[in-house]
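Q: The structure is given below, and queries will be raised subsequently.
The values are calculated or read from the model by the stated rules, or taken from the named source; none is laboratory data. In this text, all values refer to a predicted model and were calculated from it rather than measured experimentally. Cβ atoms come from the backbone with ideal geometry, glycine included; neighbour counts cover every protein chain shown. These accessible areas exclude ligands, DNA and RNA; they are computed on the full protein's heavy atoms, side chains included. Shrake-Rupley method; radii C 1.70, N 1.55, O 1.52, S 1.80 Å.
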Amino acid sequence: MENYLVHLRELNIESMVVRIILAMIVGGIVGFDREKKGQAAGFRTYMLVALGAAVTMILSRYMDIMLNTKWASGGAPSGNRTDAVRFGAQVINGIGFLGTGTILVTSKSEVKGLTTASGLWASACMGLAVGAGFYEGTLIGFLLIIISMKILPFIEKAILPKSRNMNIYVEMDSIENIGPIVNYIKKRDIQLFDVEINREKDNAGNNLSALLSLHLPRREEHTGILAKLSTLEGIIMIDEV
């Protein structure tokens, strides 16, 4: 087994096929989980990102070998040497631009797509690891990514609803309706440490909105606070973001 693993670390046809297919598999599995959740980047996107990263890393290995063997005599007279490892760095930079396209800010000032963007970046890193023949690192990274996407959301759902920090998005008839909200917050000894008010109505004629950042004096269910605030006068819609 150890000898076969050493064989796969070498640059040969068999190892290249294994690396590219493995990159597609691990990237595809991660992307499939995102696609089930309706994210912009899904199964094929993650698979192609991992595949491209693996091929790029294999190319850098190939060029490094060739520059030190068959092509060494050609580069020596001019003194030009190419750092093949830079290919991997360029992949990471390129994935940064691709990931930016999945991030957006909703009308509630809520940032969406960060997990998808970070997943793309991690998928590219796994592809680079596979392309370099670092199979152990790929396995560890793959397992941790799956854990972060499959298990950690359940932990978040158990902790966040009772967190002492919460952000509330409110739509109201007029700016005067912010007063009853602030009064209720003060009566509950809740700390209001940031308020962002949007005074302009959009083209569709939507109501004024505000984003409030709160710090609760104790751990409690956020749904109770939202339910009470929703009964105040002039509140059109309220939600936690």
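Q: Of all GluC sites (Glu not before Pro) in region 120-203, which ones are in loop regions per DSSP and have a Cβ with at most 14 other Cβ atoms within 10 Å?
A: Counting only loop positions with at most 14 other Cβ atoms within 10 Å, the GluC sites (Glu not before Pro) in region 120-203 are Glu200.
Q: Something else about it: Given a 1.4 angstrom probe, I'd like the percentage of the accessible area of region 153-200 that is carbon and sulfur, rounded to a whole number. Could you put the intermediate results ahead of the total?
A: Numbers: 1650 of 3280 Å².
Whole-percent figure for carbon plus sulfur exposure: 50.
Q: Region 122-165: which chymotrypsin sites (Phe, Trp or Tyr not before Pro) are DSSP loop and have at most 12 other beta-carbon atoms within 10 angstrom?
A: Of the chymotrypsin sites (Phe, Trp or Tyr not before Pro), not one in the loops of region 122-165 has a Cβ with at most 12 other Cβ atoms within 10 Å.
Q: Net charge around Pro180, counting only other residues with Cβ within less than 12 Å of its Cβ (Lys, Arg = +1; Asp, Glu = -1)?
A: 0
Q: Keeping all protein chains in place and using 1.4 angstrom, which order do Val170, Val241, Val55 fall into by accessible surface area, from largest down?
A: Val55, Val241, Val170
Q: A follow-up question, please. Scan region 139-240 for trypsin sites (Lys or Arg not before Pro) in coil per DSSP, keeping those whose Cβ has at most 11 other Cβ atoms within 10 Å, and list them by number.
A: Those that pass, being in a loop and sparsely packed, are Arg199, Lys201, Arg218, Arg219.
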